[in-house]
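The values are calculated or read from the model by the stated rules, or taken from the named source; none is laboratory data. Note that the coordinates shown come from a computational prediction; the quantities given were computed from them, not determined experimentally. Positions of Cβ are generated from backbone atoms using ideal geometry, with glycine treated the same way; all protein chains shown enter the neighbour counts.
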Amino acid sequence: MHNPQLNKHGELIHLMSIEGLPKGILTQILDTAASFMEISAREVKKVPLLRGKSVFNLFFENSTRTRTTFEIAAKRLSADVINLDINKSSASKGETLLDTIDNLVAMHANLFVVRHASSGAPYLIAEHLQRIGRDDVHVVNAGDGRHAHPTQGLLDMYTIRHYKKDFTQLRVAIVGDILHSRVARSDIHALTTLGVPEVRAIGPETLLPKHLDKLGVQVFHDMNEGLKDCDVIIMLRLQNERMNGALLPSAGEYFRHYGLTPQKLALAKPDAIVMHPGPMNRGVEIHSAVADGSQAVILPQVTFGIAVRMAVMSIVAGN
Amino acid sequence: MNIEIRNGRVVDPQANIDRNTTLYITDGRIAGLGEAPAGFVAGQSIDAAGCVVCPGLIDLGARLNSIEAELAAAVAGGVTSVVVPPDADPPLDEPELADRLVHRGTEIGKARVLPLGALTQGLKGERLAELAGLKKAGCVAFSQANKPVVDTEALLRAMEYAATFGFAVWLQPQDYWLSRNGIAHEGEVASRLGLAGIPVAAETIAIATIVQLVRDTGCRVHLTRLSSAAGVALLKAARAEGLPVTADVGVHHLLLTENDIGFFNPHARFCPPLRAQGDRQALSDAAASGLLALCSDHTPVGADDKLLPFGEAKPGATGLEVLLPLTLKWAEAAKLTLPQALARITSAPAEVLGLAGGNLAVGAAADVCIFDPQATWQLTPEALKSRGKNSPWQGYMMSGKVKTTLVGGRVVFGS
Amino acid sequence: MSSLLNPLPDAEAQCRQLAELIRPQLHRNPALVGIFSGGVWIAERLKALLDLSDDIGMIDVSFYRDDFAEKGLHPQCKPTVIPFDVEGRHIILIDDVLYTGRTTRAAINELFDYGRPAAVDLAVLADRGERELPIGATYGVWDVELSGKQSLVLARQDDGRLAWRLENA
């Protein structure tokens, strides 16, 4: 099936999921992001690539953090940025998603950054744009339901490459609520595509999707076993809704078995790095000593995130 | 009116007839086959050369949102009787409503309308509807459509009550708790795409419960829209035990699987969900062996309710006009003969309903479908008479086109 | 304009020539900035030949090009590195071939996003004319005429030596 993210020359025109993207494109994004990193160190933190272009942040699900990093990234590319919190506007008046898109396209939007609660929403938009013949308008997925958060996956890979250099020698563990996590799914696809030989998922049965092995992942329910000799540990946020009893009895029990404490961290390699997409729940999935410790690279992840998003937007906007 | 249908390949699966011959109709009933009845003078002669002449199709599940358009769609698809689930708005839980529906159907004079009455008031699964009154008004059986009866005691009492009168109860086996948050089959595709899953257990637990209640009440039950191999296995066991249980499957579930969701195609959202290849194969084998009847599960959905992210799209597809071509497509893949395939949508549904029909026996109502099995047509919105243009087959070529449909000896579609 | 293309001139010798042209200006304390990739190699040579202490700057103009709409983002961009303060500095921009002038325009724009230099000079090995912008080389050692289909490419050989190559499109 033709991947709707690629044009007929195999170039990236939308970024909706890491799944199905060839390794070359992932590497291109990481390399381009490296070039953008040094812009943050300059006096004038801008390049003129997207000057005159309009980037619309369409967030159907609230997220000040992600929206802000996309806004910063777009502005550093000299684009005009418009933020739309759809909860408060037309969709709640009954306007369909596609009607909203049509209206914004008529306002000369060039690129949509979309976050939506339903898996697959960006695909609906991309297909609609193709149907109305607007191949000059691009979609970047900022998170759709449980399906994908590709820019987060890419910035996680950038982080790993920065600290560990070679993907092909690593053991990476993802810990937590993978069932509901779009970050986890994107990380898994990116890790396997980039050639990481061992990808592990650690969590209770209730928080792991079935058929994880089909995605190339080894499943562990015992965190002590799962963390052994890992080079990278990606901790996932446990959302409040999950702690209400059907999937987990309590945050306390979760922390005892699946929280990352200094003792558990010691089971991994001594130079292992600890990552987290944020925001963190201290004392639920991660102990403060680890979050603030020397092995945590959580704040650098945020900086890398801006460069990665600049790379993604410039690549799709140019194709 | 005397009608003769000449030169067609007459297929009556129930009577094991499959040959080129002439069909004779008098006063709305089949009058003879091959040999004209004494004194027969044709008032109308239909040339069915190159066509198959078979009993009008009986569709065990079709929603008639805008009744005129959908009944026209039915006969355009060769369907002469439609069984209508009770989940219209308002639900069919009062005899007057059933009366009106049947009356309207008769007025329109196209496909026969066989309504299912609501089993419980408002389909809420709590209090019984007036089953006897609904039966009198024309309901052929009682159903919850695809809404659950969560309260097992209420279900037990409803089945006991139905059994009192010998009424059949049609239930879609779907456990409420295990399916309420799900939008797709809990399998590889849902895991990968991040879609909330409905496990097979939702179907098997419900079937097991229903089967146990059949044992205890003796109520006759028809399970609608099976979706899994495990479900088929439970059905087989129940029948082997001699229990009065029958079942059907939607034609889309014989041809499609979870893989057809592709990149979140909302046209692949169905209730029950499309499951895995193994499930599809088991359903196909069961239908081929005669264990399952086939239906369209016709569910017209407007673009506003379909062109949405997968989880928000209303499930279901247009079915009346594709029931025949899709059945033929399935039959080719399953290596069935034409009579075997047509039985699934004529005599088998009639048997489920316990009504006469689905055959071309002398004296039977002249509900006839004449179709060209070789003719191809493209599925586009314009090609469909139904208001429901929603289909995973949009743009595909279909094989099998209905030329003429007769209901009670009157031509209601074609020439 | 001479068009000596057979054989192609010795690029290493041309670097030495270029260095001698720049030498009289060393009292202005110039900083060298090479444009990837050819300009960077030449800048490395010049730094050694002129015995300069500052590290050279390396510019990638991918983000400042004017053909983004037609060609998209170049697939292989490298990070720009300017290891000194541009403010008030005399900069010598270095490239291998000067042609339409658009690359130089992009490099100047990028340089100005780092600060306000006192002056910017342009040093090139080859000038093939056909300018599309009012830009000129301050220092050049070889004027050459090429047909539209030909391009002149500076390459670094396995032994590290720089050499010209003529390519036909």
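Annotation note: of A:I298, A:I315, the sole residue that is in contact with a strand residue (DSSP E or B) (Cβ under 9 Å, 6 or more places away or on another chain), within 14 Å of chain C (Cβ to nearest Cβ) and either in contact (Cβ under 8 Å) with a residue 24 or more places away in the chain or surrounded by fewer than 16 Cβ atoms within 10 Å (Cβ to Cβ) (or both) is A:I315.
Comparison of A:V274, A:V284 shows that the only residue that is at pLDDT below 95 and closer than 22 Å to A:V302 by Cα is A:V284.
Matching residues to (1) part of a helix (DSSP H, G or I); (2) within 14 Å of another protein chain (Cβ to nearest Cβ); (3) of a type in the set (S, T, N, Q); (4) in contact (Cβ under 8 Å) with a residue 40 or more places away in the chain:
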position	(1), (2), (3), (4)
B:N181	no, yes, yes, no
B:L195	no, yes, no, yes
B:I205	yes, no, no, no
B:K236	yes, no, no, yes
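Filtering the stretch C:116-136 for residues that are within 14 Å of chain A (Cβ to nearest Cβ), part of a loop (DSSP other than H, G, I, E, B) and either more than 12 Å from the chain's Cα centre (by Cα) or in contact (Cβ under 8 Å) with a residue 40 or more places away in the chain (or both) leaves a non-empty set.
Being within 24 Å of B:A247 (Cα to Cα) and at pLDDT 95 or above is the requirement here; does B:D18 meet it? If you could, list the steps in order and put the result at the bottom.
Working: within 24 Å of B:A247 (Cα to Cα): no; at pLDDT 95 or above: yes.
Answer is no for this residue.
For the subset of the stretch A:193-218 comprising residues that are under 17 Å from A:D231 (Cα atoms) and surrounded by fewer than 17 Cβ atoms within 10 Å (Cβ to Cβ), which member is nearest to the other protein chains (Cβ to nearest Cβ)? Looking at the filtered set, the residue picked out is A:Q218.
Quick one: which helices (runs of 4 or more DSSP H) lie wholly within the stretch A:219-319 and hold at least 3 residues that are of a type in the set (A, V, I, L, M)? First the steps, then the outcome.
Values: elements: A:223-226, A:251-258, A:262-265, A:288-291, A:298-318.
Fully inside the stretch A:219-319 and qualifying: A:288-291, A:298-318.
Among the residues of the stretch B:288-303, those identified as without any contact (Cβ under 8 Å) to a residue 60 or more places away in the chain and farther than 18 Å from B:W170 by Cβ are B:A288, B:S289, B:G290.
Any residue in the stretch B:127-137 that is more than 30 Å from B:L326 (Cβ to Cβ), in contact (Cβ under 8 Å) with a residue 40 or more places away in the chain and either out of contact with any helix residue (DSSP H, G or I) (no Cβ under 8 Å at 6 or more places or on another chain) or not charged (D, E, K, R) (or both)? Within the stretch B:127-137 (the criterion being more than 30 Å from B:L326 (Cβ to Cβ), in contact (Cβ under 8 Å) with a residue 40 or more places away in the chain and either out of contact with any helix residue (DSSP H, G or I) (no Cβ under 8 Å at 6 or more places or on another chain) or not charged (D, E, K, R) (or both)), the answer is yes, since at least one residue qualifies.
Considering the conditions (1) more than 14 Å from the chain's Cα centre (by Cα); (2) at pLDDT 95 or above; (3) not aromatic (F, W, Y), B:T246 is excluded by exactly one of them, (1). Residues in the stretch A:219-241 that are in contact (Cβ under 8 Å) with a residue 12 or more places away in the chain and within 13 Å of chain B (Cβ to nearest Cβ): A:V219 alone. Can you name the residue in the stretch A:248-276 that is free of Cβ contacts under 8 Å to residues at least 60 places away in the same chain and of a type in the set (A, V, I, L, M, F, W, C) and is also surrounded by the fewest Cβ atoms within 10 Å (Cβ to Cβ) among such residues? Of everything passing the filter in the stretch A:248-276, A:A266 is surrounded by the fewest Cβ atoms within 10 Å (Cβ to Cβ). For the stretch A:29-58, a tally of residues being at the interface with chain C (Cβ under 9 Å from one of its Cβ atoms) and not in a loop (DSSP other than H, G, I, E, B) returns 8.
For (1) away from chain C (no Cβ under 14 Å); (2) closer than 21 Å to A:A126 by Cα; (3) within 19 Å of the chain's Cα centre (by Cα); (4) crowded, with 20+ Cβ neighbours inside 10 Å, each residue gets a yes or a no:
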site: A:T27; (1), (2), (3), (4): no, no, yes, no
site: A:E61; (1), (2), (3), (4): yes, yes, yes, no
site: A:T68; (1), (2), (3), (4): yes, no, yes, no
site: A:I86; (1), (2), (3), (4): yes, yes, no, no
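Of the helices (runs of 4 or more DSSP H) lying entirely inside the stretch C:1-103, those containing at least 2 residues that are more than 14 Å from chain A (Cβ to nearest Cβ) and under 24 Å from C:V141 (Cβ atoms) are C:11-22, C:38-50. Inspection of the stretch A:128-144 identifies no residue that is among the polar types (S, T, N, Q), over 26 Å from A:V297 (Cα atoms), in contact (Cβ under 8 Å) with a residue 24 or more places away in the chain and buried (at least 16 other Cβ atoms within 10 Å of the Cβ).
Selection of the stretch B:267-301 for residues being among the charged types (D, E, K, R), assigned to a loop (DSSP other than H, G, I, E, B) and more than 14 Å from chain A (Cβ to nearest Cβ) yields only B:D297.
In the stretch B:370-412, how many are over 29 Å from B:P315 (Cα atoms) and hydrophobic (A, V, I, L, M, F, W, C)? Let's see the steps before the verdict.
To start, the set of residues in the stretch B:370-412 that are over 29 Å from B:P315 (Cα atoms) comprises B:370-375, B:403-412.
If we keep only those that are hydrophobic (A, V, I, L, M, F, W, C) too, we end up with B:370-371, B:375, B:406-407, B:411-412.
Total satisfying the criteria: 7.
The residue that is nearest to the other protein chains (Cβ to nearest Cβ), counting only those in the stretch B:253-266 that are touching a residue at least 60 places away in the same chain (Cβ under 8 Å) and touching a helix residue (DSSP H, G or I) at 6+ places or on another chain (Cβ under 7 Å), is B:F264.
Name the residues in the stretch A:115-150 that are of a type in the set (A, V, I, L, M, F, W, C), in a helix (DSSP H, G or I) and facing chain B (nearest Cβ under 8 Å), would you?
Within the stretch A:115-150, A:A121, A:L124 meet the criteria.
Considering the conditions (1) among the basic types (K, R); (2) within 13 Å of another protein chain (Cβ to nearest Cβ); (3) within 25 Å of A:G133 (Cα to Cα), A:K8 is excluded by exactly one of them, (2). For the criterion of being over 21 Å from the mean Cα position of the chain (by Cα) and under 19 Å from B:G182 (Cβ atoms), B:A230 passes. A search for C-beta distances below 8 Å between a residue of the stretch B:42-62 that is under 15 Å from B:L114 (Cβ atoms) and any residue that is of a type in the set (K, R), counting only pairs 6+ apart in sequence or on different chains, returns B:G61/B:R225. Restricting attention to the stretch A:170-203, the residues that are more than 19 Å from the chain's Cα centre (by Cα) and modelled with pLDDT under 95 add up to 0. Select from the stretch A:151-177 the residues that are assigned to a loop (DSSP other than H, G, I, E, B) and more than 26 Å from A:G120 (Cβ to Cβ) and write down the one among them that is nearest to the other protein chains (Cβ to nearest Cβ). Within the stretch A:151-177, the match that is nearest to the other protein chains (Cβ to nearest Cβ) is A:K165. B:F310 fulfils the conditions (1) touching a strand residue (DSSP E or B) at 6+ places or on another chain (Cβ under 6 Å); (2) touching a residue at least 60 places away in the same chain (Cβ under 8 Å); (3) crowded, with 23+ Cβ neighbours inside 10 Å except for a single criterion, (1).
Here are some residues: A:S54, A:S78. Which one is in contact with a Leu (Cβ under 7 Å, 6 or more places away or on another chain) and either hydroxyl-bearing (S, T, Y) or over 28 Å from A:V183 (Cα atoms) (or both)? Step through it out loud before you land on a result.
Numbers: A:S54 fails: in contact with a Leu (Cβ under 7 Å, 6 or more places away or on another chain).
The match here is A:S78.
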